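**Student:** Before we start, here is the structure in question, set down as structure tokens.
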Amino acid sequence: MAPPRIALIADTRGSYVRGLIEGITAYGRDFGPWSYSLHAEPLDTEIPRRLRAEGVDGVLARVHSPRVGRALAGLRVPVVDMLEEVPIRGVPQIVVDDREVVRLALDHLLERGLRAVAFLGLRSVRYSDVRRRHLVEQCRARARDLEAAATGGRACPLTLLIDERAATQPHETAIGAWIETLPRPIGLVCCNDVWAGKAVAACRDRGIDVPDQVALVGVDDDPLVCQVSATPLTSVDPNTFQIGYQAARLLHGMLTGGPAPPPLTYVAPAGVVTRRSTDVLAFPDREVARLVRHVRDNACAGLTVGRMVRSLGVSRRTLERLFARHVGHSPSDEIRHVRLMRVRQLLGDTDAGLDTISRVAGFAYAESMRRAFKAEFGMSPKAYRLRQRRPRPGGSPRRSAR
């Protein structure tokens, strides 16, 4: 039998779509062979004319308008949408879990001692609206950790929504003027990397230091945007490879008569990729910042509270008091948290066994690491790895734990 002919319909100018295509083609190599036709032109009003003429067995697309969605459904072949911009009857959708994207960004900023959080997004753009709503909800849930945060009100001073259709220069002027009004230090969650980069440029033009005064987190982990920014950008990796891979799996099931896929599937983001734009410990007390930095630099190297007392020349009572007042938990809790974050990163990025991971992360025994991990994240390390595992293009190996 001839391999199925799959149409890939998406604007390929950004790294997000290229990551999707890597995942799709990796699935085709694993379970194909598949044949592809790429339609990279924007799909704002209609589907490509040649798509009807050439004939396809299935479609993987990012659908921006109801008209395009209806046209694709009218092809009478299986279709999977990788955008969730508009609902399409009979077409399953698969996207990143934006609630988890925002949680990762907010946790990242709070871990650096920031107690004020703002949001920069786009007006009347669905993904930006969704991320703003999740940020507002999560800031409310963590109100005791925050002194100021974005709210859902239209006149919220810690929220700026830009009209994407306006000219570029007024954008940067408006962003800079807004940032000057914000309390500092502050964490800024941006709807994507492009607008995080614009915020960095606006800060630079106004002499506002990034990250000491404004720490920024973007979304998409676009390597070009993040690296060429005046200050390299921290960003949430949306796991586009996995989204593409799982979209192809859904389509494959539809092509082979498998069970009907769910209407909507969420894929967990891969994590926060930390760069210079959030390299800050924003505790007002410099001594607290020094203590927290010491924990984060040494927690995985066998650090204990007793060793902190001896090496830093501070009493245990003072240490406990400073952490309780400024960090919100004990120094031993902070040590455990840093170790568990290292465990989580190693589970997702390496094939190392639990014994190796526990040793690298500073735990004495794998079993104690497993219990602590389950208590912190609500699942075993094995379950977390299965959920997060990200197939590699061409079957390339994962990194080792070091």
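**Student:** Please go through the stretch 343-360 and give me each residue that is among the polar types (S, T, N, Q), at pLDDT 90 or above and buried (at least 18 other Cβ atoms within 10 Å of the Cβ), ordered by number.
**Tutor:** The one that is among the polar types (S, T, N, Q), at pLDDT 90 or above and buried (at least 18 other Cβ atoms within 10 Å of the Cβ): SER358.
**Student:** Which residue pairs have Cβ atoms closer than 8 Å, lie 6 or more positions apart in sequence or on different chains, and pair a first residue in the stretch 287-315 that is farther than 26 Å from HIS108 by Cβ with a second residue that is of a type in the set (D, E, K, R)?
**Tutor:** GLY306/ARG316; VAL309/ARG316
**Student:** Continuing with the same structure: Within the stretch 133-156, is there a residue that is touching a strand residue (DSSP E or B) at 6+ places or on another chain (Cβ under 6 Å), crowded, with 16+ Cβ neighbours inside 10 Å, of a type in the set (Ser, Thr, Tyr) and not assigned by TED's automatic domain parsing to the domain that holds ALA71? Spell out how you get there, then give the answer.
**Tutor:** Of the stretch 133-156, the ones touching a strand residue (DSSP E or B) at 6+ places or on another chain (Cβ under 6 Å) are 135, 139, 147-150.
Those still in the list that are crowded, with 16+ Cβ neighbours inside 10 Å too: 135, 139, 149-150.
Cutting the leftovers down to of a type in the set (Ser, Thr, Tyr) gives us none.
No, because not a single residue in the stretch 133-156 is touching a strand residue (DSSP E or B) at 6+ places or on another chain (Cβ under 6 Å), crowded, with 16+ Cβ neighbours inside 10 Å, of a type in the set (Ser, Thr, Tyr) and not assigned by TED's automatic domain parsing to the domain that holds ALA71.
**Student:** Then there is this: Under the condition of being in a loop (DSSP other than H, G, I, E, B) and among the polar types (S, T, N, Q), which residue from the stretch 109-155 is farthest from LEU182 (Cα to Cα)? Can you show your working first?
**Tutor:** Taking the stretch 109-155 and keeping what is in a loop (DSSP other than H, G, I, E, B), we get 112-115, 123-125, 142, 146-147, 150-155.
Now narrow it down to the ones that are among the polar types (S, T, N, Q): 124, 151.
Values: SER124: 23, THR151: 14 Å.
Among those residues, the one meeting the criterion is SER124.
**Student:** Please go through the stretch 141-184 and pick out each residue that is under 15 Å from ARG115 (Cβ atoms) and not aliphatic (A, V, I, L, M).
**Tutor:** Within the stretch 141-184, ARG142, ARG144, ASP145, GLU147, PRO183, ARG184 qualify.
**Student:** What strands (runs of 3 or more DSSP E), lying completely within the stretch 1-100, carry at least 1 residues that are of a type outside the set (A, V, I, L, M, F, W, C) and surrounded by fewer than 19 Cβ atoms within 10 Å (Cβ to Cβ)? First the steps, then the outcome.
**Tutor:** On the way: elements: 5-9, 35-39, 58-61, 79-81, 93-96.
Those strands (runs of 3 or more DSSP E) span 5-9, 35-39.
**Student:** Return the only residue of LEU319, LEU303, LEU340 being surrounded by 13 or more Cβ atoms within 10 Å (Cβ to Cβ), assigned to a loop (DSSP other than H, G, I, E, B) and not assigned by TED's automatic domain parsing to the domain that holds VAL80. Talk me through it step by step, then tell me what you get.
**Tutor:** Numbers: LEU319 fails: assigned to a loop (DSSP other than H, G, I, E, B); LEU340 fails: assigned to a loop (DSSP other than H, G, I, E, B).
From the options LEU319, LEU303, LEU340, the qualifying one is LEU303.
**Student:** Turning to a different aspect of this structure: Within the stretch 225-239, identify whether any single residue is crowded, with 21+ Cβ neighbours inside 10 Å and closer than 15 Å to ASP81 by Cα, and answer yes or no.
**Tutor:** no
**Student:** Looking at ALA196, ALA143, can you tell me which residue is within 16 Å of the chain's Cα centre (by Cα) and within 24 Å of VAL280 (Cα to Cα)?
**Tutor:** ALA196
**Student:** Quick one: LEU104 ticks every box in (1) in the same structural domain as ASP57 (by TED's automatic domain parsing); (2) touching a residue at least 12 places away in the same chain (Cβ under 8 Å) except a single one, so which number is it?
**Tutor:** The number of the failed condition is (1).
The values are calculated or read from the model by the stated rules, or taken from the named source; none is laboratory data. Quick caveat: nothing in here was measured; it's all calculated off a predicted structure. Because the Cβ atoms are built from the backbone with ideal geometry, glycine has one as well, and the counts that use them run over all protein chains shown.
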